[in-house]
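Written below as structure tokens is the structure these notes are about.
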Amino acid sequence: MEKLYSIQEVSQILGMSKDTLRYYDRIGIVSPFRKDNRYRRYSRDDLIDLMNIQIMQYADFTLDEIKGKLGFRKMEIIDSAYCEEVASFLDAKNAEMRKKINHLEKVSRLLNLAAETLRDFNNESDQGLAEFVRELYKDIRGNEPGISKEGCDYHQD
């Protein structure tokens, strides 16, 4: 007979709050077995599902995405069209992540340049920062700002 786990045990094993586990049951994302006393009893497969949910949330999936697209483990017969749909969804999610990574790398570079410029303020470092800011602005707005280059680069000493 397969071991079943109480909500307390699952909470301790996976580091999830009991409220979260109850919520997942309520929305139907993981629905554990219930005995006559109505206590939730989690199977090994339920624990695996919960671990997968934690991993997918770490990968920035929403609960709706997890529930809607990634429930194929419970399917009796794996449908190839459904698998292709999920694979396309994962490809789109990956492209979205790549865009976020690119954005965060630019923000990180901006912050580094700004900090370096402030630590060793000189005309050359200021020009480098100003050029990078102009390039970022082009990315954001799709064109050069309406302010003249001289207006951006002019500093009073």
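The values are calculated or read from the model by the stated rules, or taken from the named source; none is laboratory data. Predicted, not measured: the structure shown is a model, and the values here were computed from it. With ideal geometry, Cβ positions are generated from the backbone for all residues, glycine too; neighbour counts draw on all protein chains shown. We work out accessible area using only protein heavy atoms, side chains counted, and drop any ligands, DNA or RNA first. Shrake-Rupley method; radii C 1.70, N 1.55, O 1.52, S 1.80 Å.
Give the aspartates and glutamates whose C-alpha is closer than 16 Å to that of Lys99, dropping any in the same chain fewer than 8 places away, or say none. Within reach: Asp60, Asp91, Asp139.
A Förster radius of 35 Å combined with the Cβ-Cβ distance from Lys99 to Ser6 puts the calculated FRET efficiency at roughly 0.25.
Here the accessible area is traced with a 1.4 Å probe on the protein chains. For the chain, carbon and sulfur cover 53 percent of it. Each of Leu90, Met1, Met56 was scored by the projection of its Cα onto the charge dipole of the chain, and the greatest displacement toward the positive side belongs to Met1; charges sit on the C-beta of Lys, Arg, Asp and Glu. Once each of the trypsin sites (Lys or Arg not before Pro) sitting in a DSSP loop with at most 14 other beta-carbon atoms within 10 Å is removed, the chain keeps 39-157 as its longest stretch. The calculated Kirkwood hydrodynamic radius for the range 23-108 is 15.0 Å, given to one decimal from all distinct C-alpha pairs.
Computed on the chain, with alpha-carbon pairs under 8 angstrom and 6+ residues apart, the relative contact order is 12 percent. Assuming charge only on the beta carbon of Lys and Arg (+1) and of Asp and Glu (-1), the dipole of the chain about its Cα centre is about 1160 debye to the nearest 20. With the alpha-carbon atoms of the chain aligned to their principal axes, the span from lowest to highest coordinate is 80, 38, 21 Å, starting with the largest.
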